[in-house]
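Engineer: Mind looking over this structure? Questions follow.
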């Protein structure tokens, strides 16, 4: 399989320098911040605009719909008051869908926010709430956010929903029944479907000591869920599949691509400062000098940057696995990874029997543009007994066919890097993975599926307890 690149594009380093320079003043933090997944240097200092994870899956309890979830503000310490967590009122938060394969958004769900602050002026209070809160309309809740949700297509922009953000879970005295208050933040939207905005459990489970020479250099640093006990802020929609499919026809055009972005207001207007599709791509595929640029790019530019494409066709992780663990790196160029990251898997090209390539499957699609994003086949049925290793383990509804909350994406990514998609067999040496196989909190059975946030300090949430 040959990846065709437009060689008339700008040199990668030039693109990276220009884009990074355009964002430095906008993103430069006033002080260091730890609240980030830290996939790129600049966004690490701007956690409210740092998009951490994207999930996309056919809704398990309502299979004629698709659920799209994106998270921001990672590693929220539950007791981080008195100024608890909230969305940036100077930003636009987006979930974008490409349904014709050109790597440009055909449908965008966009949220904007405003603050409702009843704490008064200089003579007011510092409190988030001044008594128990039993509903979103409770007068004791002194600070809240309202939002507007728009659906944007080539036909125009339509407001499809408004709502109140589920507040930060400040503790049991403030929220005797937080789950009830959070459930009130689930609302219907025009055209059918549901919406949600609010604080959630950090559902991305993994041992981040993968960055300590791949689990300590001897697989001794595993089994610790690094994100356990932390929270995030979630935006989610559940819509009929026809709302995202090309021409509204899921049968003729079953594959969609999904990613999310944050646009932050600046003197030049809105500037894209964060982007996320598949997990771990910016962290472990994109080289350090290009990470900030990647966050500023739209997917249709990906194939024009040879340095990024080279890190897919000749990736670094397999060489690290070989150097540290003696696990033979697959031969390059890695066309299997090109399919996973840039085009979508086509079962006719290899042993993995998932079809995620919109150029092949979408009958009304035009020319495919290689690009990084999640890809989801809307016609693959919901798995009765999901396998955490997804497509590579024969569960065709799992990652990289979209991403479910329970997909173990770190273990899947390492298996893919080690060549599992080339052989159709899991790599035995990596069978145990990071030994963090599931989230510490059960997922919900109905929308928005992602669990509610913790209110217990992380330093009292001991792994293994």
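Read-outs throughout are calculated quantities, based only on the coordinates presented, and are distinct from any laboratory measurement. Just so you know, these numbers come straight off a predicted model, no measurement behind them. Cβ coordinates were reconstructed from backbone atoms using ideal geometry, including for glycine residues, and neighbour counts include every protein chain displayed.
Engineer: How far apart, in nm, are two points set 7 Å out from the Cα along the Cα-to-Cβ line at residue 319 and at residue 162?
Structural biologist: Rounded to a tenth, the inter-label distance reads 5.5 nm.
Engineer: Also, quick follow-up: Restricting the count to DSSP beta bridges whose residues both fall in the chain, what percent are antiparallel, rounded to a multiple of 5?
Structural biologist: Percentage antiparallel, nearest 5: 95.
Engineer: What spacing in nm lies between the two simple spin-label points modelled at residue 183 and residue 423, each 7 Å away from Cα in the Cβ direction?
Structural biologist: Going from the residue 183 label point to the residue 423 one covers 4.8 nm.
Engineer: If each residue of separation counts as 0.36 nm, what is the full-extension length gain between residue 364 and residue 63 once their alpha-carbon separation is subtracted?
Structural biologist: Length gained between residue 364 and residue 63: 106.0 nm.
Engineer: When the distances between all Cα atoms of the stretch 84-183 are binned every 10 Å from zero, what whole-number percent does each bin get?
Structural biologist: Spelled out bin by bin, the stretch 84-183 gives 14, 36, 26, 16, 7, 1 percent.
Engineer: When only Cα pairs under 8 Å and 6 or more residues apart are kept, what is the percent relative contact order across the chain?
Structural biologist: This gives 20 percent for the chain.
Engineer: Going by average Cβ neighbours within 10 Å, how do the peptides 298-305, 71-78 rank, with the highest at the top?
Structural biologist: 71-78, 298-305
Engineer: Assuming R0 = 25 Å, can you tell me the calculated FRET efficiency for the pair residue 153 and residue 382, based on Cβ-Cβ distance, to the nearest 0.05?
Structural biologist: Calculated transfer efficiency: 0.40.
Engineer: How many angstrom separate the Cα center of the stretch 38-107 from the Cα center of the stretch 310-379?
Structural biologist: If you average the Cα positions of each part, the centres end up 23 Å apart.
Engineer: Once both axes come from the Cα atoms, what is the angle between helix 12-27 and the longest principal axis of the chain, in degrees from 0 to 90, rounded to 10?
Structural biologist: The helix 12-27 is inclined about 10 degrees to the chain.
Engineer: Grab the DSSP H runs of the chain that are 4 residues or longer, score each as -39,500 (n - 2.57), total them, divide by all residues and round the 222 nm result to the nearest 500 deg cm²/dmol. Could the numbers behind the result be given before it?
Structural biologist: On the way: 10 runs with 70 residues, N = 465.
For the chain, the value works out to -4000 deg cm²/dmol.
Engineer: Tell me, in nm to one decimal, what length is gained between residue 212 and residue 138 on full extension, where the rule is 0.36 nm per residue of separation less the Cα-Cα distance?
Structural biologist: Using 0.36 nm per residue and subtracting the Cα-Cα distance, I get 22.0 nm.
Engineer: Turning to a different aspect of this structure: Sort out for me the Cα centre separation of the stretch 389-465 from the stretch 230-270, rounded to whole Å.
Structural biologist: Centre-to-centre (Cα) distance: 22 Å.
Engineer: Any chance you could list P(r) for the stretch 150-293, counting all Cα-Cα pairs in 10 angstrom bins from zero, rounded to whole %?
Structural biologist: Answer for the stretch 150-293: a P(r) of 9, 23, 31, 26, 10, 1 percent.
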